[in-house]
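Please read the structure below before turning to the comments.
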């Protein structure tokens, strides 16, 4: 069950097998999601919940490239995103925001080492049972290939 704060984390620990959380700052996620979930599970006499952690990232060398990469995702940060039903409207709203405000919500990476540095804290600090990599790029096939050959083997070594 997805959780972004202590109340939803506690609910997830009581009702589900685990908690799904998006991580920007690992220490904040531990404080606001992971620890409340563990505490609620203990109090309910349930097993410690599994943790699925994810982080959103953009593989791009420049802000202009990142903006292009973000075309399908921009609406995710638009005002009114929970009420709107038309993705084009959400993108228009997002495009009205300052670029750095939209891009600043994502980790920007270019190399396998930068991707590893971005996702390693989900393994080492959050101690997630499952880590998902949410990454957008202009060449998704090449990115997926690189993740499989260079990033995932090194992240597995951290476990």
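Of all the criteria given as (1) surrounded by fewer than 16 Cβ atoms within 10 Å (Cβ to Cβ); (2) closer than 20 Å to residue 106 by Cβ; (3) without any contact (Cβ under 8 Å) to a residue 60 or more places away in the chain, the one not satisfied by residue 39 is (2). Of the numbered criteria (1) farther than 20 Å from residue 23 by Cβ; (2) not assigned by TED's automatic domain parsing to the domain that holds residue 31, the one residue 77 fails is (1). Kindly check whether there is at least one residue in the range 145-159 that is under 14 Å from the mean Cα position of the chain (by Cα), surrounded by 14 or more Cβ atoms within 10 Å (Cβ to Cβ), touching a residue at least 24 places away in the same chain (Cβ under 8 Å) and closer than 25 Å to residue 31 by Cα. No. Among the strands (runs of 3 or more DSSP E) confined to the range 42-139, the ones with at least 1 residues that are closer than 30 Å to residue 14 by Cβ are located at 50-59, 130-136. The set of residues in the range 16-30 being free of Cβ contacts under 8 Å to residues at least 60 places away in the same chain and in a loop (DSSP other than H, G, I, E, B) consists of 16, 17, 25.
The values are calculated or read from the model by the stated rules, or taken from the named source; none is laboratory data. Just so it is clear, the structure is predicted and the values come from calculations on it, not from any experiment. Note that each Cβ is placed from the backbone with ideal geometry, even for glycine, and that neighbours are counted across all protein chains shown.
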